[in-house]
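Participant: Dropping a structure here in structure tokens format, bear with me for questions.
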Amino acid sequence: MLYQIPGTSLNLGPDVWWPLLFTLGLFVLSVPVWVALGIGSVCLLLSTNVLPMSLFGEALFDGVDSFALIAIPLYILTGDALVRSGLSNKLIDIAEATLGSLRSGLGTSSVLGCGFFACISGSDAAGAAAVGRIMHTRLVQRGYPPAYACALVASGSCTGILIPPSISYIIIGLVLGISASTLFIAAVVPGIMIMVSIMLTNVVLNRIHGYENSDAKFSFERWLKTIWDGRYALSIPAIIWGGIYSGIFTPTEAAAAAVVITIAIGFWRGTLELADFPKMLESSAKVNGVIVPIIAFALPLAQAFSALNLPQAVLQNITEVTTDPTFIILMMLGVLILAGCVMETTPNIVILAPIMLPIAQQIGMDQIQFCIFMVTALGVGFITPPLGLNLFVLSGLTGERILPIAAKAVPYVISMLLVVLMLAFIPSLSLWALR
């Protein structure tokens, strides 16, 4: 709930801009995002008096007191359990058996493996770490340059927030009051489009540079055997997707079921032990401990923006410049790409989504289409410096320098941007599954 003072109008004076510039300065100084957002929120509230400070603490707790947010640690824990139980290796084996016979088979299989992992974890970084550990050495041995192999896995892992179940869709649904299940349904085709675009880009680059020339032949018998060996791993995304899309589970309930079943399979197969639980819980808690405080401290800032009528003011200023939908979409895309380059997806969604949604609706964009467009555009930021989280994950795993990896990722950035533009201008790509 937003605490808004009726009749409050926006005053674009120093009392608004100085707190925002100060917050930006904290980001530049590498102050933790949640700390910068918290300080910025307090400064803005004190300088504008748009909301009483007594509501700040209440807003923090109300913001994270949501049943939908319980899904975030559960999906993260599922992904971690998948890795520690060895089930993630089975998913990679299935991907390789499916596409490994192609000329660029191992590279394309790596991207499909990232897609499989995205169907479970909902996190880019988790997919990049899991698939990177397994596939990087194999890709280098097959003939891919180390930096290119890192860029390929980093790009494929962008599907982590684009293919449901996605943590980002849970967050944007919470912020804008849209059902996460609805967003999950709408996101399936766009997420697969991104994955296919990355695969095709790898095929083209492989043909140009001759990185890999697989002479393996597709074996239907081997494929069936790999599917059978990986049946328990495949059951996890089947439970999540089947439960959500059939209406049996909410996204949060599906996450809980996935955690229990993944752990049960690990114990039954003897690949998980009680001794693994402390490390598993610690790893998941660290990731969750980054996301939730950002949501908590970004929400009061978003509430202050709403009380200041900032979204309406931005819309008015834009429409005074142009009413051309194409130009407005390109301008929104530019803002999202720049924001994704310098800040994590979570604060970008909480802060920018309420501001940009009225602009999108003004030019006739459906709110579901806007959510898909925004999350997909922000997903490009995972492979663009200076933030480029997936680039840093792969660099940390392999020891390769960031800049060579980022340079090799440029073609993938371009291919993803083409898909983002298609999603912006073709509403049916996001909405047809809902109809």
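Participant: Please go through segment 24-62 and give me each residue that is under 24 Å from the mean Cα position of the chain (by Cα), in contact (Cβ under 8 Å) with a residue 40 or more places away in the chain and closer than 20 Å to Pro311 by Cα, ordered by number.
Facilitator: Residue satisfying the conditions is Leu37 alone.
Participant: Output the residues belonging to segment 221-260 that are under 15 Å from Val83 (Cα atoms) and in contact with a helix residue (DSSP H, G or I) (Cβ under 6 Å, 6 or more places away or on another chain).
Facilitator: Gly230, Tyr232, Ala233, Ile236, Pro237, Ala258, Val259
Participant: So in segment 63-82, with the set limited to residues that are among the β-branched types (Val, Ile, Thr) and crowded, with 23+ Cβ neighbours inside 10 Å, which one is farthest from Ile172 (Cα to Cα)? Before the answer, list the steps.
Facilitator: Start the filter on segment 63-82 by keeping residues that are among the β-branched types (Val, Ile, Thr), which leaves 64, 70, 72, 76, 78.
In the following step, the residues that additionally are crowded, with 23+ Cβ neighbours inside 10 Å were identified as 72, 76, 78.
Working: Ile72: 13, Ile76: 18, Thr78: 21 Å.
In this case the residue turns out to be Thr78.
Participant: Looking at Tyr169, is it of a type in the set (Phe, Trp, Tyr) and over 14 Å from the mean Cα position of the chain (by Cα)?
Facilitator: Considered against the rule, which asks whether it is of a type in the set (Phe, Trp, Tyr) and over 14 Å from the mean Cα position of the chain (by Cα), Tyr169 comes out as no.
Participant: Please work out if Phe184 is aromatic (Phe, Trp, Tyr), out of contact with any Lys or Arg (no Cβ under 7 Å at 6 or more places or on another chain) and surrounded by fewer than 16 Cβ atoms within 10 Å (Cβ to Cβ).
Facilitator: Values: aromatic (Phe, Trp, Tyr): yes; out of contact with any Lys or Arg (no Cβ under 7 Å at 6 or more places or on another chain): yes; surrounded by fewer than 16 Cβ atoms within 10 Å (Cβ to Cβ): no.
Taking the combined requirement at face value, the residue does not satisfy it.
Participant: Among the numbered criteria (1) charged (D, E, K, R); (2) farther than 25 Å from Ser88 by Cβ; (3) surrounded by 15 or more Cβ atoms within 10 Å (Cβ to Cβ), which single criterion is violated by Asp324?
Facilitator: (3)
Participant: Could you grab me the full set of residues in segment 174-203 that are part of a helix (DSSP H, G or I) and either free of Cβ contacts under 8 Å to residues at least 12 places away in the same chain or among the small types (Gly, Ala, Ser) (or both)? Step through it out loud before you land on a result.
Facilitator: Quick first cut of segment 174-203, residues part of a helix (DSSP H, G or I) only: 174-176, 180-203.
Those that are part of a helix (DSSP H, G or I) and either free of Cβ contacts under 8 Å to residues at least 12 places away in the same chain or among the small types (Gly, Ala, Ser) (or both): Ala180, Ser181, Ala186, Ala187, Gly191, Val196, Ser197.
Participant: Counting only residues that are under 22 Å from Glu344 (Cα atoms) and outside any helix (DSSP H, G or I), which one in segment 1-37 is modelled with the lowest pLDDT?
Facilitator: Top of the filtered list is Ser30.
Participant: Can you tell me which residue is surrounded by the most Cβ atoms within 10 Å (Cβ to Cβ) among those in segment 352-373 that are free of Cβ contacts under 8 Å to residues at least 60 places away in the same chain and aliphatic (A, V, I, L, M)?
Facilitator: Ala360
Participant: Moving to a separate point now. Scan segment 398-435 residue by residue and report those that are in contact with a Pro (Cβ under 8 Å, 6 or more places away or on another chain) and crowded, with 16+ Cβ neighbours inside 10 Å.
Facilitator: Result: Thr398, Glu400, Ile402, Ala406, Lys408, Val419, Leu423, Leu429, Ser430.
Participant: Just to be sure I understand, how many residues within segment 98-152 are of a type in the set (Ser, Thr, Tyr), within 23 Å of the chain's Cα centre (by Cα) and modelled with pLDDT of 85 or more?
Facilitator: Residues flagged as of a type in the set (Ser, Thr, Tyr), within 23 Å of the chain's Cα centre (by Cα) and modelled with pLDDT of 85 or more within segment 98-152 amount to 4.
Participant: Identify the residue in segment 105-158 that is among the polar types (S, T, N, Q) and surrounded by fewer than 24 Cβ atoms within 10 Å (Cβ to Cβ) and, among all such residues, is nearest to Ser88 (Cα to Cα).
Facilitator: If we take residues in segment 105-158 being among the polar types (S, T, N, Q) and surrounded by fewer than 24 Cβ atoms within 10 Å (Cβ to Cβ), then Thr137 is nearest to Ser88 (Cα to Cα).
Participant: With respect to Leu60, determine if the residue is surrounded by fewer than 22 Cβ atoms within 10 Å (Cβ to Cβ), over 16 Å from Cys119 (Cβ atoms) and in contact with a Leu (Cβ under 9 Å, 6 or more places away or on another chain).
Facilitator: Working: surrounded by fewer than 22 Cβ atoms within 10 Å (Cβ to Cβ): yes; over 16 Å from Cys119 (Cβ atoms): yes; in contact with a Leu (Cβ under 9 Å, 6 or more places away or on another chain): yes.
When the stated conditions are applied, Leu60 passes them.
Participant: Would you pick out the residues in segment 244-258 that are β-branched (Val, Ile, Thr) and part of a loop (DSSP other than H, G, I, E, B)?
Facilitator: Residues of segment 244-258 β-branched (Val, Ile, Thr): 244, 248, 250, 252.
Matches in segment 244-258: Ile248, Thr250.
The values are calculated or read from the model by the stated rules, or taken from the named source; none is laboratory data. Here the structure is a predicted model, which means the values were calculated and not measured. Counting neighbours? That spans all protein chains shown, and the Cβs are built from the backbone with ideal geometry, glycine included.
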